[in-house]
Amino acid sequence: HNPEIYERSPRLGGNLIPGGAPKFKEDDHALADWYTYELNRLNVPIHLNKEVTKEFILQSDADVVIMATGSNPKIF
């Protein structure tokens with residue numbers, strides 16, 4: 001397999017980034033950094049600031065597309 005990561009934002013991590021803002025949750029940022037490190041170590045191409053559209057997917061000639069659309073944080 002030759003996976004590639006396309007991320008709409010300028011950094012991998014999604015809601016781990018704002019979720020890791022409180023001092024006691026700094027491990028969330030460490031986890032996001034570890035994912036980025038591992039993907040780079042494995043030579044997985046990471047495309048930041050890239051929104052994937054239906055047209056992009058159809059033109060990609062990919063065998064499989066896994067699309068993670070993110071999550072909505074719970075606010076109490």
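The values are calculated or read from the model by the stated rules, or taken from the named source; none is laboratory data. This is a predicted model, so every value here is computed, not measured. Positions of Cβ are generated from backbone atoms using ideal geometry, with glycine treated the same way; all protein chains shown enter the neighbour counts. In case anyone asks, the SASA skips ligands and DNA or RNA and just uses the protein heavy atoms, side chains included. Shrake-Rupley method; radii C 1.70, N 1.55, O 1.52, S 1.80 Å.
Would you be able to say whether some residue in the stretch 37-44 is in contact (Cβ under 8 Å) with a residue 12 or more places away in the chain and open to solvent by 60 Å² or more (accessible area, probe 1.4 Å)? Outline the logic, then answer.
Looking only at the stretch 37-44, we keep the residues that are in contact (Cβ under 8 Å) with a residue 12 or more places away in the chain, and these are 39, 44.
Those left that are additionally open to solvent by 60 Å² or more (accessible area, probe 1.4 Å): none.
Scanning the stretch 37-44, I find no residue that is in contact (Cβ under 8 Å) with a residue 12 or more places away in the chain and open to solvent by 60 Å² or more (accessible area, probe 1.4 Å), so the answer is no.
Kindly indicate whether any position in the stretch 2-20 is of a type in the set (Lys, Arg), open to solvent by 50 Å² or more (accessible area, probe 1.4 Å), closer than 21 Å to Asn72 by Cβ and in a helix (DSSP H, G or I).
Taking every residue of the stretch 2-20 in turn, none turns out to be of a type in the set (Lys, Arg), open to solvent by 50 Å² or more (accessible area, probe 1.4 Å), closer than 21 Å to Asn72 by Cβ and in a helix (DSSP H, G or I).
Take Lys50 and tell me if it is basic (Lys, Arg) and free of Cβ contacts under 8 Å to residues at least 12 places away in the same chain. Full working, then the answer.
Numbers: basic (Lys, Arg): yes; free of Cβ contacts under 8 Å to residues at least 12 places away in the same chain: no.
When the stated conditions are applied, Lys50 does not pass them.
For every residue, the table says whether it meets (1) assigned to a loop (DSSP other than H, G, I, E, B); (2) over 16 Å from Asn15 (Cβ atoms); (3) open to solvent by 100 Å² or more (accessible area, probe 1.4 Å).
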{"site": "Asp33", "(1), (2), (3)": "no, no, no"}
{"site": "Lys50", "(1), (2), (3)": "yes, yes, no"}
{"site": "Phe56", "(1), (2), (3)": "no, yes, no"}
{"site": "Val65", "(1), (2), (3)": "yes, yes, no"}
{"site": "Gly70", "(1), (2), (3)": "yes, no, no"}
